[in-house]
Amino acid sequence: MKKNILLCAFLFVSAIVFAQSKPFVLKVSGEAATPLQLSMQDIAAMPHCTVQANDRNGKPHEYSGVAVQYILAKAGVATGKELRGENLSKYVLAKCADGYEVVYSLAELDSSFVRDLPVVADTADGKPLQEAKGP
């Protein structure tokens, strides 16, 4: 269940997505040493992993995408051994194209603390995400 919730929150983005009428942009800003603006091509070029998760109707799917931890590390956000002390109070506010918003602590997005990492998925069951599900 936890993996499903984490995956659903990141199917679209891990930071801010502009309206779907504009080209897809995944934006990482705030306390990022290297703020990022990633296109679908940028995400496609990053290392991918697959996860099994159920959609909101309980139907199982295989999603492929980039681990949120990888994207945060690329942006210079504290991860791994740096994620100690005051860094544990930091968080990610994910705003999705459909208006969904959720807050995660950095620890919830880091393999030092959790086994199943959330991903920014770009495919479901081997096909690009549908327009209604993501860019």
Checklist outcome for this item: Summing +1 per Lys or Arg and -1 per Asp or Glu among the other residues with Cβ less than 15 Å from PRO47's Cβ gives -1
Checklist entry - HN-Hα J couplings of segment 87-95 from phi, Karplus 6.51/-1.76/1.60, θ = phi - 60°, integer Hz, Gly and Pro as x? => result 5, 5, 8, 7, 8, 10, 9, 9, 10
Item to check | Estimated FRET transfer efficiency when R0 is 25 angstrom, pair SER112-GLU31 (beta carbons, to 0.05) | outcome: 0.85
Next on the checklist: Could you compute how much accessible surface LEU109 exposes when probed at 1.4 Å, giving the result in Å² to the nearest 10?
Outcome noted: 0
Item to check | Long-range amide H partners of LYS90 with built H, under 5 Å | outcome: LEU106
Item to check | Solvent accessible area, Å² - LEU38, 1.4 Å probe, full protein context | outcome: 10
Checklist entry - HN-Hα J couplings of segment 43-60 from phi, Karplus 6.51/-1.76/1.60, θ = phi - 60°, integer Hz, Gly and Pro as x? => result 5, 4, 7, 7, x, 10, 9, 10, 9, 9, 7, 8, 7, 5, 8, x, 7, x
Item to check | Accessible-area ranking of ARG84, ARG56, largest first, probe 1.4 Å | outcome: ARG56, ARG84
Next on the checklist: With a cut-off of 8 Å between alpha carbons and a minimum separation of six or more residues, what is the relative contact order of segment 22-87 in percent?
Outcome noted: 29
Checklist outcome for this item: Of every hundred units of 1.4 Å-probe accessible area on segment 77-116, the number belonging to carbon and sulfur atoms, as a percent, is 48
Checklist entry - If you add up the charges near ALA73, with Lys and Arg at +1 and Asp and Glu at -1, over every other residue whose beta carbon is less than 10 angstrom from its beta carbon, what do you get? => result -1
Item to check | Heavy-atom accessible area order for SER112, SER64, largest first, 1.4 Å probe | outcome: SER112, SER64
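Near ARG84, within a Cβ-to-Cβ distance under 14 Å, what is the net charge of the other residues, with Lys and Arg +1 and Asp and Glu -1?
-1
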Next on the checklist: Could you report the accessible area of TYR91 in Å², rounded to 10, computed with a 1.4 Å probe on the protein chains as they sit in the structure?
Outcome noted: 150
Checklist entry - Which whole-number percent of Cα pairs in segment 27-133 have a distance greater than 19 Å? => result 48
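The values are calculated or read from the model by the stated rules, or taken from the named source; none is laboratory data. All values derive from a computational prediction rather than experimental measurement. Glycine gets a Cβ as well: all are built from the backbone with ideal geometry, and neighbour counts include every protein chain shown. Side chains included, ligands, DNA and RNA excluded: accessible areas come from the protein's heavy atoms. Shrake-Rupley method; radii C 1.70, N 1.55, O 1.52, S 1.80 Å.
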